[in-house]
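J.: One structure, as structure tokens, below. Some questions next.
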């Protein structure tokens, strides 16, 4: 996995993790949210972007993203499931890495889903939110899912 950080450039997973932890350790007294979200855009190919955002409440954030291509034959519903699955895969990898250390900080992971109560994604809300909550993470949908609908979306183009 090769992530791109607007702050630090190209990073592998371990470098990304260390960057996140370094950001938190620089002001440990603050509250943080660790957010993961994915979005995809179809054209002649499907671009999938998954983001990690470490948000320091009231004092900025850093983000990292990874970009992949998907099979252009995927249906709309399959794309939403794939986005959710990719976010869960990354959330699990981060959670496992956090648990390996003596790092004591409340870094609950939120998964931002690119679904909302309007449009054609509304029939998928219960299923994808259930996938996330059933995996032990907090789920956010539009309009509160900015990790997917704003940050990830920006890099799918």
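J.: Just checking, does segment 120-133 include any residue being out of contact with any strand residue (DSSP E or B) (no Cβ under 8 Å at 6 or more places or on another chain), surrounded by 15 or more Cβ atoms within 10 Å (Cβ to Cβ) and closer than 18 Å to residue 16 by Cα?
T.: Our first condition is that a residue be out of contact with any strand residue (DSSP E or B) (no Cβ under 8 Å at 6 or more places or on another chain); within segment 120-133, this holds for 120-127, 130-131.
Okay, now just the ones that are also surrounded by 15 or more Cβ atoms within 10 Å (Cβ to Cβ), so 121, 124-125, 131.
Still in the list and also closer than 18 Å to residue 16 by Cα: none.
The answer is no, given that none of the residues of segment 120-133 is out of contact with any strand residue (DSSP E or B) (no Cβ under 8 Å at 6 or more places or on another chain), surrounded by 15 or more Cβ atoms within 10 Å (Cβ to Cβ) and closer than 18 Å to residue 16 by Cα.
J.: Determine whether segment 17-38 contains at least one residue that is touching a strand residue (DSSP E or B) at 6+ places or on another chain (Cβ under 6 Å), assigned to a helix (DSSP H, G or I) and under 21 Å from residue 141 (Cα atoms).
T.: no
J.: How many of the residues in segment 116-155 are assigned to a loop (DSSP other than H, G, I, E, B), within 15 Å of residue 86 (Cα to Cα) and under 14 Å from the mean Cα position of the chain (by Cα)?
T.: 1
J.: Report yes if residue 7 is touching a helix residue (DSSP H, G or I) at 6+ places or on another chain (Cβ under 9 Å) and either assigned to a strand (DSSP E or B) or under 24 Å from residue 144 (Cβ atoms) (or both), otherwise no.
T.: Against the criterion (touching a helix residue (DSSP H, G or I) at 6+ places or on another chain (Cβ under 9 Å) and either assigned to a strand (DSSP E or B) or under 24 Å from residue 144 (Cβ atoms) (or both)), residue 7 does not qualify.
J.: While we're here: How many residues, within segment 68-84, are free of Cβ contacts under 8 Å to residues at least 12 places away in the same chain and either farther than 19 Å from residue 111 by Cβ or within 11 Å of the chain's Cα centre (by Cα) (or both)?
T.: Final tally of qualifying residues: 2.
J.: Given the conditions (1) assigned to a helix (DSSP H, G or I); (2) at pLDDT below 95; (3) out of contact with any helix residue (DSSP H, G or I) (no Cβ under 8 Å at 6 or more places or on another chain), which single one is not true for residue 104?
T.: (1)
J.: Kindly evaluate residue 42 against the criterion of being under 16 Å from the mean Cα position of the chain (by Cα) and within 29 Å of residue 115 (Cα to Cα).
T.: no
J.: For the subset of segment 44-67 comprising residues that are over 20 Å from residue 142 (Cβ atoms) and touching a residue at least 60 places away in the same chain (Cβ under 8 Å), which member is surrounded by the most Cβ atoms within 10 Å (Cβ to Cβ)?
T.: The extreme case among them is 64.
The values are calculated or read from the model by the stated rules, or taken from the named source; none is laboratory data. Note that the structure is predicted; figures quoted are calculated from it, not measured. Using ideal geometry, Cβ is built from the backbone for each residue, glycine included, and neighbour counts are taken over all protein chains shown.
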